[in-house]
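Below: one structure, written as structure tokens.
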Amino acid sequence: MIEKYQLLRSIIAAGSIALAVSAIGTHASAQTSLQTRSFVCGTNNGAPATIARTNRGDVPVIRWTSDRFRDAGYSPERRCIEVSARFQQYFRNQKLNYLTTGMMNNQQVICVADREGGDCTGLLFTLKRGSDPSQVLNNLLAVRVRASGPLNESTSRVYIDMSEYLKQASVEDQQNSQSDNIPVW
């Protein structure tokens, strides 16, 4: 009888631990999803910008100021709309974990990866031939704001933890950052 009681107590304890771990995981996921609500194409300091709408406020992620792709039909405004939609899609599908660089269709790209050190799992945008992908990624996001920031460099690629970036990035005031209330997708 004592053995049955101990077994029952062990099962209840294990179930309670499993329930607590599940609740903590759910709470952490809810915190992340509450932090960022959507990605939209708006403006920042007069330029088209991919903006993360967070509970802290609008965080400009990329300012689209280059005309390097205009001849191919991609104005800064068009790139903003298309890439912001991709950010939103990856965010909605919980695939926006890391930004990194890679190769797709024999072209250098900025892409998403599911983990640090992982391969590209989705295209964000293509880079102009001759560009230094790591430098482009660093410049676009201006991530070197703090030594302990979201930037992780390996010997060959940069990985940016988007959750950390959005926690640490500066929030723009409403005068410099304009975005529609409706996410682009």
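FYI, it's all coordinate maths here, none of it is from the lab. No experiment lies behind these values; they were computed from the predicted model shown. A quick note on method: Cβ atoms are made from the backbone with ideal geometry, for glycine too, and the neighbour counts reach across all protein chains shown.
With 86, 79, 92 as the choices, which residue is crowded, with 20+ Cβ neighbours inside 10 Å and within 12 Å of the chain's Cα centre (by Cα)?
Exactly one residue qualifies, and that residue is 86.
For the range 63-101, enumerate the residues that are more than 12 Å from residue 112 (Cα to Cα) and hydroxyl-bearing (Ser, Thr, Tyr).
Residues satisfying the conditions are 65, 66, 74, 75, 84.
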